[in-house]
Amino acid sequence: MRTTHRRDDLPRQPLYGLVAALALVLLPHLTQLALWHAALILLPLAWRAWLAWRGKALPPRWLRLVCAAGLMLIVFVQFRTLIGRDGGVVLLASLVSAKLLETANRRDARILSLLAYFTTGAAFLVSQSFWMLAYTIVCTLVITAQLHGWQRLDGKLPWTEYRRAGWMLLEALPVALLLFVIFPRLSGPLWQMPADKPGASSGLSDRMSPGSFTDLALDDSVAFRVDFEGKPPSKSSLYWRGPVYERFDGRNWEQAFGTTTTPTYEAIGPTYNYTVTLEPHNRSWLLGLDLPTPGKTLSGVRITSRLQAVSEQVVTQRKRVTLSSVLTWKMADDNPALQQNLLQNQMLPRLGNPRARALAEGWRNLSPNARLAAALTFLGSGKFTYTLDAPLLLGPDPVDTLLFQTREGFCEHYASAFVYLMRAAGVPARVVGGYLGGEFNDNYLIVRQTDAHAWAEVWLPGLGWQRVDPTAVVAPGRVTQGIAHSVRGAERLPLLLQENAAWLAAARLRWDAVVYGWDRWVIGYDTQRQLQLFGQLGIDDFSSPRFIGWLSGTLLALLLLYWAILNAQRSRKTQDAARQQWSRWLRMLAKQGLVPSASEGPRDFAQRVARHLPANALAAHAIGAAYIATRYADRPEALAELRRHVSAFRPG
Amino acid sequence: MPHPLNSTLDQLNQIILGKETQIRLAVACLLARGHLLLEDLPGVGKTTLAHALAAGLGLKFQRVQFTSDLLPADLLGVSIYERNSNEFRFHHGPVFTQVLLGDEINRAPPKTQSALLEAMEERQVTIDGTTYPLPEPFFVIATQNPQTQIGTFPLPESQLDRFLMRLELGYPDAQAERAMLAGADRRSLIAQLGNDIDPATLPKAQAEVAALHVSGALLDYIQALAAATRSHADLAYGLSPRALLGLVNAARAWAWLDDRDYVIPEDVQAVFACVAGHRLPSRSSGRPDPRTAVELLQAVAVP
């Protein structure tokens with residue numbers, strides 16, 4: 001085989017710049033890989049820099065091929081494919097790195113720089129966070145600067161090139177913004193975007209066991225954020241309804257499956273419209289205020305027969321949905337098909353909890369409303385404590401143990417016990433999981449896992465399913481003031497929820513506003529929002545004359561802006577008044593076809609003008625002399641004369 | 001008011017015919033207190049020009065033919081023990097003059113070349129620990145044969161940089177050559193030169209040149225030219241700061257000869273090729289290429 005040793009013709013400094021730019025660009029892709037694999041991909045970079053440093057020839061072709069093939073093989077072994085989002089991106093990174101080994105002249109280097117731009121763009125397949133944007137901007141800056149380095153003849157890469165690249169990026173910003181706003185969006189993703197990996201404790205589960213909400217209270221990560229259209233309801237009525245637990249096995253509550261009939265309802269009071277931005281939780285349920293109504297609710301969202309808002313797809317990435325809700329309502333119970341469901345909601349395990357059962361059965365002769373009141377009075381007797389440190393209820397009768405012995409519990413204990421009592425008393429009841437309250441950050445609400453809460457719903461004749469929160473009678477502060485005020489064992493709460501961490505909490509809220517704005521306006525800018533925005537401008541589709549008008553108008557405005565900036569820069573360079581007069585004269589002469597060559601001095605040019613325009617010969621000499629006097633003899637008094645001569649000049 | 005050297009220029013033009021520009025440049029070089037390198041084939045009038053220049057300005061003139069065995073002492077002088085007075089006495093060499101014509105400087109060995117060049121830069125000579133100042137003005141006109149000829153020691157770049165200007169005379173045009181052939185002997189014409197010139201004229205003119213006004217706009221131009229030489233692809237390196245100083249002074253002298261008390265870009269353009277040409281060695285050939293300076297001049301815009 002013929003071995004081709006390529007001579008390295010590249011100046012060192014821009015080459016090091018290129019190596020650094022590539023390392024920077026590859027880094028986000030390498031974070032996805034095992035350490036040894038990342039090191040292998042970076043190896044050609046270090047090798048190439050070393051070769052340049054020692055002034056050695058590039059490796060022969062067979063070795064370069066072995067390198068590229070080796071890197072490809074590793075990708076295949078690791079990913080079992082060379083295409084697709086993960087394998088493809090790593091393959092790209094590997095080959096970009098290997099390409100450096102055969103980069104021997106300026107042309108190769110420019111190609112590699114363009115590949116580096118592309119690789120930078122691919123970093124958004126790794127993450128679309130605000131930080132990634134900032135990082136890719138730095139990458140783009142470095143690539144652009146070192147691309148400038150190849151244009152220089154002196155083989156240097158001074159810092160001024162970085163400044164120049166920065167200016168170029170700034171100049172490109174308006175165009176980028178325009179494209180961001182108007183570029184047509186695809187309604188579905190081209191490929192699956194990366195999901196932020198949901199952790200084990202990332203929210204509610206489809207089963208409620210004792211202690212599950214206590215764990216959530218210790219997790220201060222954001223569950224979702226809400227924007228209200230108009231005035232939000234009071235904080236104590238912000239019950240964000242999640243999964244509905246109907247099946248009870250004596251210890252755990254689970255969601256029931258199988259559809260039942262949706263009760264017909266009559267809304268009382270105002271409808272609230274709001275947009276929920278949900279962090280991925282790998283479940284399909286959404287979180288809406290009490291009773292979600294079709295109202296402004298978008299397609300892709302379904303309201304189940306248990307009055308839950310659910311997404312048609314599992315929420316694996318951050319999701320924005322607009323929902324409508326009412327907080328007070330009346331349900332008709334004339335629907336016979338509903339009876340089946342109501343019966344299910346009175347079922348209890350045959351055995352266990354004899355004392356609780358006896359207590360509730362004693363209320364059977366009362367009206368349903370009175371049974372409810374009796375249960376709440378029992379729980380609100382002051383003997384119960386709301387605590388994060390509830391003892392484990394391990395015995396066969398957990399409800400009895402809670403109600404008559406330990407009397408310490410968290411929301412899920414009280415919700416569970418209360419529903420048990422209601423069912424035992426013959427009132428249909430179920431447990432609802434969700435979140436209570438939240439924290440207003442300026443104009444939006446942040447709801448954290450800490451706000452997770454469990455409450456109950458009971459079916460009252462004439463009213464239907466109504467929300468009852470037993471925790472509210474045990475610890476009224478939980479509803480009105482939040483968890484930190486009302487719970488015992490609050491020192492176990494996350495630092496940010498404790499009251500002496502106010503400044504930290506404030507800083508975090510401010511940062512949360514930034515991240516939320518990013519998610520809302522950049523990541524969440526999809527087809528629907530684009531159409532919505534265009535709708536506000538009166539544009540219905542992309543072929544309407546109005547759209548063309550807006551587009552060309554904006555483009556024209558941008559061009560005018562650039563022109564104005566360029567003009568301002570030019571006039572700054574020639575602030576010299578004499579120079580301005582001279583330029584004015586040159587413009588007049590340009591119409592006559594008389595243009596000075598770049599190196600033509602003022603005297604020579606004035607003489608040439610005098611020869612070409614004999615009628616203006618005197619004026620030309622006078623202008624030349626006055627200009628030279630002001631500019632080269634530094635006689636400012638000649639400026640007036642220059643101005644006079646130029647103003648009086650009439651070519652022809 | 002026409003400057004007092006006008007008549008001198010006219011007289012020089014009578015002796016060396018058809019070389020007005022070169023003569024003017026040579027005089028400008030002298031006015032800018034710079035040394036002159038003439039590079040051309042033998043017999044085109046280099047020596048005559050040097051001789052006429054000295055005579056026309058009323059300066060003392062010495063000529064040294066550089067050969068491969070010329071020693072520094074032959075040029076600078078030597079201390080000799082005198083039996084009568086029992087002491088060493090310094091015998092001044094030919095360098096102690098106002099105009100020194102160093103003929104075929106590139107035939108001398110580097111040691112002698114450097115002795116001369118040191119005298120040019122310092123305007124003094126140090127021998128055996130004693131420093132002897134050179135006369136004022138001191139002006140070296142060196143001639144050099146084209147370096148393709150055999151038996152030459154080309155001047156290194158550092159020494160070329162000491163010459164303010166490098167000129168080529170070239171063949172005279174047909175008409176001038178005819179007039180020369182028909183006219184009187186050049187040597188006898190030179191002998192008649194300079195009898196009417198006041199010895200104070202040249203120092204006064206040099207002082208006026210040095211004081212000539214240079215505006216910021218002009219310095220912008222000079223710096224733009226310098227930047228262009230420094231980033232030029234085919235140039236191993238650009239103009240040195242010393243070269244730029246020389247360029248400014250030469251442009252001043254040119255403006256002075258034009259009866260102006262300020263410098264305009266045209267002055268810079270007039271002297272640029274002969275000031276910069278020999279200081280810009282081409283990367284590809286290693287030798288200065290006179291065309292590069294002209295190209296640069298055309299490429300750089302007058303600000």
Unique match (being in contact with a strand residue (DSSP E or B) (Cβ under 9 Å, 6 or more places away or on another chain), surrounded by fewer than 16 Cβ atoms within 10 Å (Cβ to Cβ) and away from every other protein chain (no Cβ under 14 Å)) among A:Arg611, A:Arg520, A:Arg510, A:Arg546: A:Arg510
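Would you be able to say whether some residue in the stretch B:54-70 is over 17 Å from B:Ile141 (Cα atoms) and either in a helix (DSSP H, G or I) or among the acidic types (Asp, Glu) (or both)?
There is at least one residue in the stretch B:54-70 that is over 17 Å from B:Ile141 (Cα atoms) and either in a helix (DSSP H, G or I) or among the acidic types (Asp, Glu) (or both).
Report whether or not B:Asp220 is part of a loop (DSSP other than H, G, I, E, B) and more than 9 Å from chain A (Cβ to nearest Cβ). First the steps, then the outcome.
Values: part of a loop (DSSP other than H, G, I, E, B): no; more than 9 Å from chain A (Cβ to nearest Cβ): yes.
Answer is no for this residue.
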List pairs: first in the stretch A:622-634 and at positive phi and within 9 Å of chain B (Cβ to nearest Cβ), second surrounded by fewer than 20 Cβ atoms within 10 Å (Cβ to Cβ) and not in a helix (DSSP H, G or I), Cβ under 6 Å, 6+ apart or cross-chain? A:Asp634/B:Ser215
Can you pull out the residues in the stretch A:319-347 that are in contact with a helix residue (DSSP H, G or I) (Cβ under 9 Å, 6 or more places away or on another chain), over 24 Å from A:Ile268 (Cα atoms) and either not in a loop (DSSP other than H, G, I, E, B) or not assigned by TED's automatic domain parsing to the domain that holds A:Arg467 (or both)? A:Arg320
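Which count do you get for residues in the stretch A:583-602 that are outside any loop (DSSP other than H, G, I, E, B) and either small (Gly, Ala, Ser) or touching a Pro at 6+ places or on another chain (Cβ under 8 Å) (or both)?
Residues that pass the stated criteria total 6.
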Residue check, A:Arg643 within 14 Å of chain B (Cβ to nearest Cβ) and either under 29 Å from B:Val248 (Cα atoms) or surrounded by 15 or more Cβ atoms within 10 Å (Cβ to Cβ) (or both): no
Residue by residue through the stretch A:252-311, note down the ones that are of a type in the set (A, V, I, L, M), assigned to a loop (DSSP other than H, G, I, E, B) and closer than 23 Å to A:Pro232 by Cα. A:Leu286, A:Leu287, A:Leu298, A:Leu307
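Here is a check on your reading of the model: is B:Arg283 within 12 Å of another protein chain (Cβ to nearest Cβ) and of a type in the set (Lys, Arg)? Give the steps one after another, and end with the answer.
Working: within 12 Å of another protein chain (Cβ to nearest Cβ): yes; of a type in the set (Lys, Arg): yes.
Against the criterion (within 12 Å of another protein chain (Cβ to nearest Cβ) and of a type in the set (Lys, Arg)), B:Arg283 qualifies.
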With the structure loaded, tell me whether B:Arg252 is in a helix (DSSP H, G or I), within 14 Å of chain A (Cβ to nearest Cβ), basic (Lys, Arg) and within 23 Å of A:Thr630 (Cβ to Cβ) or whether it fails that test. yes
Would you mind telling me which numbered condition in (1) among the acidic types (Asp, Glu); (2) modelled with pLDDT of 80 or more; (3) touching a strand residue (DSSP E or B) at 6+ places or on another chain (Cβ under 7 Å) B:Asp128 fails? (2)
With B:Ala210, B:Ala227 as the choices, which residue is within 14 Å of chain A (Cβ to nearest Cβ) and out of contact with any Gly (no Cβ under 7 Å at 6 or more places or on another chain)? B:Ala227
Given (1) more than 16 Å from B:Gly34 (Cα to Cα); (2) surrounded by fewer than 19 Cβ atoms within 10 Å (Cβ to Cβ); (3) more than 14 Å from chain A (Cβ to nearest Cβ), B:Leu245 misses just (1)
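Name the single residue, out of those in the stretch B:267-280 being part of a helix (DSSP H, G or I) and aliphatic (A, V, I, L, M), that is nearest to the other protein chains (Cβ to nearest Cβ).
B:Val268
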Being among the aliphatic types (A, V, I, L, M), within 14 Å of chain A (Cβ to nearest Cβ), surrounded by fewer than 22 Cβ atoms within 10 Å (Cβ to Cβ) and not in a helix (DSSP H, G or I), is that true of even one residue in the stretch B:288-295? no
Just name the residue that is surrounded by the most Cβ atoms within 10 Å (Cβ to Cβ) out of those in the stretch B:230-242 that are touching a helix residue (DSSP H, G or I) at 6+ places or on another chain (Cβ under 8 Å) and either under 20 Å from A:Ser599 (Cα atoms) or within 10 Å of chain A (Cβ to nearest Cβ) (or both). B:Leu239
Which one of B:Asp220, B:Asp234 is touching a residue at least 12 places away in the same chain (Cβ under 8 Å), touching a strand residue (DSSP E or B) at 6+ places or on another chain (Cβ under 9 Å), more than 20 Å from B:Arg24 (Cβ to Cβ) and among the charged types (D, E, K, R)? B:Asp234
Within the stretch A:585-607, restricting attention to residues that are farther than 15 Å from A:Val646 by Cβ and away from chain B (no Cβ under 12 Å), which residue is farthest from the chain's Cα centre (by Cα)? A:Gly593
Exactly one condition in (1) over 37 Å from the mean Cα position of the chain (by Cα); (2) acidic (Asp, Glu); (3) under 21 Å from A:Gln344 (Cα atoms) is false for A:Glu408; which is it? (3)
Got a sec? Which of B:Thr143, B:Thr97, B:Thr67 is of a type in the set (Ser, Thr, Tyr), under 30 Å from B:Leu12 (Cα atoms) and surrounded by 22 or more Cβ atoms within 10 Å (Cβ to Cβ)? B:Thr143
Selection from the stretch B:1-53 of residues of a type in the set (Lys, Arg) and part of a helix (DSSP H, G or I) yields B:Arg24, B:Lys46
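Being β-branched (Val, Ile, Thr) and within 12 Å of another protein chain (Cβ to nearest Cβ) is the requirement here; does B:Ile264 meet it?
On the way: β-branched (Val, Ile, Thr): yes; within 12 Å of another protein chain (Cβ to nearest Cβ): yes.
Answer is yes for this residue.
Hey, any hits in the stretch A:398-406 for a residue that's of a type in the set (A, V, I, L, M), surrounded by fewer than 17 Cβ atoms within 10 Å (Cβ to Cβ), free of Cβ contacts under 8 Å to residues at least 40 places away in the same chain and outside any loop (DSSP other than H, G, I, E, B)? Show your work before the answer.
Kept after step one, since they are of a type in the set (A, V, I, L, M), are these residues of the stretch A:398-406: A:399, A:402-403.
Still in the running and surrounded by fewer than 17 Cβ atoms within 10 Å (Cβ to Cβ): none.
No, the stretch A:398-406 contains no residue that is of a type in the set (A, V, I, L, M), surrounded by fewer than 17 Cβ atoms within 10 Å (Cβ to Cβ), free of Cβ contacts under 8 Å to residues at least 40 places away in the same chain and outside any loop (DSSP other than H, G, I, E, B).
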Look at the stretch A:51-105 and say how many of its residues are more than 24 Å from A:Phe124 (Cα to Cα), buried (at least 17 other Cβ atoms within 10 Å of the Cβ) and of a type in the set (D, E, K, R). 2
When restricted to A:Arg54, A:Arg80, A:Arg61, the only residue in contact (Cβ under 8 Å) with a residue 60 or more places away in the chain, more than 14 Å from chain B (Cβ to nearest Cβ) and of a type outside the set (Phe, Trp, Tyr) is A:Arg61
Filtered residues of the stretch A:299-342 (kept if at pLDDT below 80 and on the phi > 0 side of the Ramachandran plot): A:Gly300
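The values are calculated or read from the model by the stated rules, or taken from the named source; none is laboratory data. Nothing here was measured: the structure is a model prediction, and the numbers come from that model. Neighbour counts are summed over all protein chains in view; Cβ atoms, including those assigned to glycine, are modelled from backbone coordinates with ideal geometry.
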